[in-house]
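Where a number appears in this text, it was derived from the coordinates with a stated rule and is not lab data. Computed from a predicted structure; not experimentally measured. Cβ placement follows ideal geometry from the backbone for every residue including glycine, while neighbour counts extend to all protein chains displayed.
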Amino acid sequence: MKTIIEPFKIKMVEPIKLTTPEHRDAILRRSHFNLFQVPAEEVIIDLLTDSGTSAMSSEQWAGMLRGDESYAGARSWYHFEGVLRELTGMPHILPTHQGRASERILFELVGGPGKVIPSNNHFDTTRANIEHSGARAVDLVIAEGAQPRSRHPFKGNIDVARLEALIADVGPDRIPLCMATVTNNSGGGQPVSLANLRAVREACRRHGIPLFLDACRFAENAYLIKRREPGQHDRSVRAIARELFDLADGATISAKKDGLVNIGGVLLMRDPALARRADDLLILTEGFVTYGGLAGRDLEAMARGFVEVLDEDYLHYRLRSVEYLGEHLLAAGIPIVEPPGGHAIYIDAAAFCPHIPPEQFPGQALVCALYRHAGIRAVEIGSVMFGRVDPDTGESARPPMELVRLAIPRRVYTQSHIDYTVEAAIEVFERREQIRGLRMIDAPPALRHFTAKFVEV
Ligand SMILES: *Cc1c(COP(=O)(O)O)cnc(C)c1O
């Protein structure tokens, strides 16, 4: 059979309020053309993020009721620990409330002024935690990773020659660890190959540098390895995922992605001395080592989510539905970052709206057009999110690309929701010259995308 169906049935539904373009236009104006200010109830298809937006299974909900809320040594903790140990082989497993809590503990221990931490691309919270410690975060993704039209199968790979050059330049003593983000979220959800990770591991080993994964989307990365990497096709995704972890000395994970839960995180490590110090920090700021700032029911839901995510029928459907969205946009001539990533499609808004100059925020303008036309909420990843105004000169600095991300929540939307999204994007594309640029009238100095206000030009 050619048709790939959602490998689940729906037993609980949440109604979507269907609204008119006129109604959404009023909402948009009231929200100053900023979709972060729009109430979720006014959104028809919410593609703002894939983080914490997964639908849990009946098994996970059953686990919520069975959660053991004992303070220390809860049954749910042992269940969670056993699942994570089997999945990753890591001896030290610390639960945290989300990914950035794991990052904060790790970089408080190994970061600090003078330290340098390379990765393919650091995710923004990872970079922020590294910089908060006083260390420097360096992105070393391969050149193809920054080229939207390159069809390289592993655009998340680390440039090993640049890694070697960095080690030679700053010296291994100043590099407490090397990270690899799987999949590379900031680079478009692109995977890292096993061959690349082995080469990075080898370069690190020669200089005594530990390798850590930012493993939020480890299952999607492992599945893309199975599909794309020579010699991997006949292995199970579980075996590939295990090899990813076997190559690493530790990992930070936000369980809000491939953990299939709405809140939760993990910090993994092999070094017992480092783990001792991490335990102390965990107790200081998150909670005792057997719950880490979570309820027992959250641990139970995570334990089940980390098993379910490795179901290959699920991963096949998941990756295929993202790819399907990308293929249909491309077929209609809509420029996207290629090939489609694991969790999202990124539209090249500068090419979509060539009549809107960067200073009028083509990405934000497209986000508003998609919402007004069809009630779809996407997110701008361009000059609104990453642009800066120099406080001294008044000059604007802009990121290299103006993108709009359509992130797909896990197990939430069906094929017809994706078809609706395709149709909406094509209709907006057909009348793209009607999209109007925006002027920013108010913005805070940092993280301005959450609260900036705009008017139409
Ligand atoms: C989401 C994410 C994080 C941070 O996780 P939170 O749970 O949001 O704190 C870190 N790295 C990557 C790659 C992510 O996608």
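Provide the FRET efficiency to the nearest 0.05 for the Thr3-Glu312 pair, computing r from the beta carbons and using R0 = 22 Å.
Details: r = 17 Å, r/R0 = 0.79.
Efficiency, rounded to the nearest 0.05: 0.80.
Need the C-alpha centroid separation for the range 117-138 versus the range 152-212, integer Å.
14 Å
Non-local amide H neighbours of Val379 (under 5 Å, H modeled in plane, Pro and chain starts lacking H): which ones?
Arg405, Ala407
Could you check the spin-label model distance between His355 and His233? Points 7 Å from the Cα along Cα→Cβ, value in nm.
Between His355 and His233, the simple spin-label model gives 4.7 nm.
Order of 172-182, 37-47 by packing, highest average Cβ count within 10 Å first?
Working: 172-182: 22.5, 37-47: 16.7.
In descending order of packing, they fall as 172-182, 37-47.
Within 10 Å, count the other beta carbons around each residue, average over each peptide in 294-300, 9-15, and list them highest first. The partial results should precede the final answer.
Values: 294-300: 24.0, 9-15: 7.0.
For the peptides 294-300, 9-15, the packing ranking is 294-300, 9-15.
Note the direction-averaged projected area, equal to a quarter of the hull surface, for the Cα convex hull of the range 59-308, in nm².
Numbers: hull surface 50.7 nm².
Approximately 12.7 nm², given one-decimal rounding.
Restricting to the range 59-308, what percent of DSSP beta bridges are antiparallel, rounded to 5? Don't skip to the end; give the middle numbers.
Details: 12 of 23 bridges.
The antiparallel proportion sits near 50 percent.
With no solvent and one equal point scatterer per Cα, compute the Debye intensity ratio I(q)/I(0) for the chain at 0.08, 0.09, 0.10, 0.13 Å⁻¹ and report its log10, rounded to two decimals.
-0.46, -0.59, -0.74, -1.26
As a footprinting exposure proxy, order Phe33, Phe245, Phe288, Phe212 by other Cβ within 10 Å, with the fewest listed first. Please report the intermediate quantities before stating the final value.
Values: Phe33 26, Phe245 20, Phe288 16, Phe212 23.
Ascending number of Cβ neighbours within 10 Å: Phe288, Phe245, Phe212, Phe33.
Testing the spin-label approximation: label points 7 Å from Cα along Cα→Cβ at His132 and Thr414. State their distance in nm.
In this crude spin-label approximation the distance works out to 4.2 nm.
Which value in nm describes the separation of the simple spin-label points at Arg174 and Glu81, placed 7 Å from the Cα toward the beta carbon?
4.0 nm
Quick one: how many lysine pairs does the chain have with C-alpha atoms less than 26 Å apart and a gap of 8 or more or different chains? Give me the count, please.
Qualifying lysine pairs in the chain: 15.
Please list, in order along the range 154-166, the HN-Hα scalar couplings obtained from phi with the Karplus expression 6.51 cos²θ - 1.76 cosθ + 1.60 (θ = phi - 60°), rounded to whole Hz, x for Gly and Pro.
Calculated HN-Hα couplings, in order: 10, 6, x, 4, 8, 6, 5, 5, 5, 5, 4, 5, 5 Hz.
Using the Karplus curve 6.51 cos²θ - 1.76 cosθ + 1.60 with θ = phi - 60°, work out ³J(HN,Hα) for each residue of the range 58-66 in order, rounded to whole Hz, and write x for Gly and Pro.
4, 5, 5, 5, 4, x, 4, 6, 8
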